[in-house]
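Each reported figure results from applying straightforward, stated rules to the coordinates on display, with no laboratory input. All figures in this text were calculated on a predicted structure; none of them were measured in a lab. Don't worry about glycine lacking a Cβ; one is built from the backbone with ideal geometry, like all the others, and counts go over all protein chains shown.
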Amino acid sequence: ATEIGDAAHRLLEAVPLGAPVAPGEEELAAIVRGWYPSVSAAELARIAAFVDAYCGSSLARRIAELPDVRPERPFAFEHDGVLFHGRLDALALGDGRALVLDYKTNQLGEREPADVVEEEYRLQRVVYALACLKTGADEVEVVYQFLERPEQIVSATFVRADTAGLEAELSAAIERLAAGDFRPTPSEFACADCPALDLVCAGPRLGGGSDWAPTPELTTAG
């Protein structure tokens, strides 16, 4: 699942946001096999479906009309002594407004996209909003698109007046982590695209049982 998500994201990074057109079947297969030589036909079909889902979506048409929209934009900011950094799948800036787009390749099953965002990605959304507000945006829209259901967009808008509340939520999360009061909630949803899966973390296999405790060297700086 991680390879499928990674391949879909890398392909979408190369799709022109101003004129989103998916690569052809043979071209896509050649590109993905260059990254993952053992990829199966079924996996290629799933990856292609994700890319097609974005390119054919109403959100893609909306993004194409925005000025100055760019893929894979880096961000970094410090809060309460912690450095937050990463990349945004796509970022549009203009007239004091920012739009952050995050693609998700998770399998939703019977879950609703809005519920998954609230349960699995709420803190991520806080970080994305603060990253833009701290760099001068007056308004930030954070949009999640689950490519399995590309028309069920999950969007939230934040304005400068929300900054204090967002910072308080982030501070509370940092305090819980520093105190060791942080229990992972691994799932197929949250862990699907994580590069640490099966390297430093067992992901969904952790299960979140009551005997779990954080490993200090992995959760504290220094």
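For first residues located in the range 37-62 and within 13 Å of Ala22 (Cβ to Cβ) and in contact (Cβ under 8 Å) with a residue 12 or more places away in the chain, partners that are β-branched (Val, Ile, Thr) and surrounded by fewer than 19 Cβ atoms within 10 Å (Cβ to Cβ) and lie 6+ apart or on another chain with Cβ distances below 9 Å form the pairs Ile47/Val39; Val51/Val15; Tyr54/Val15; Cys55/Val15; Cys55/Val21; Ser57/Ile153; Ala60/Val15.
Checking Val117, Val127, Val143, Val100 one by one, the residue that is part of a helix (DSSP H, G or I), within 20 Å of Ser57 (Cβ to Cβ) and among the aliphatic types (A, V, I, L, M) is Val117 and no other. Considering the range 131-155, and only residues there that are crowded, with 19+ Cβ neighbours inside 10 Å and small (Gly, Ala, Ser), the residue that is nearest to the chain's Cα centre (by Cα) turns out to be Ala131. If you check Glu13, Glu26, which single one turns out to be under 15 Å from the mean Cα position of the chain (by Cα), of a type in the set (D, E, K, R) and either in a helix (DSSP H, G or I) or loosely packed, with under 13 Cβ neighbours inside 10 Å (or both)? The conditions single out Glu13. Selection of first residues in the range 149-174 that are without any contact (Cβ under 8 Å) to a residue 24 or more places away in the chain and of second residues that are aliphatic (A, V, I, L, M), restricted to Cβ pairs under 6 Å at least 6 apart or on distinct chains, gives the following pairs, ordered by first then second residue: Ser155/Val143.
The residues of the range 44-81 that are within 18 Å of the chain's Cα centre (by Cα) and part of a strand (DSSP E or B), listed by number, are Val69, Arg70, Pro71, Glu72, Arg73, Pro74, Phe75, Ala76, Phe77.
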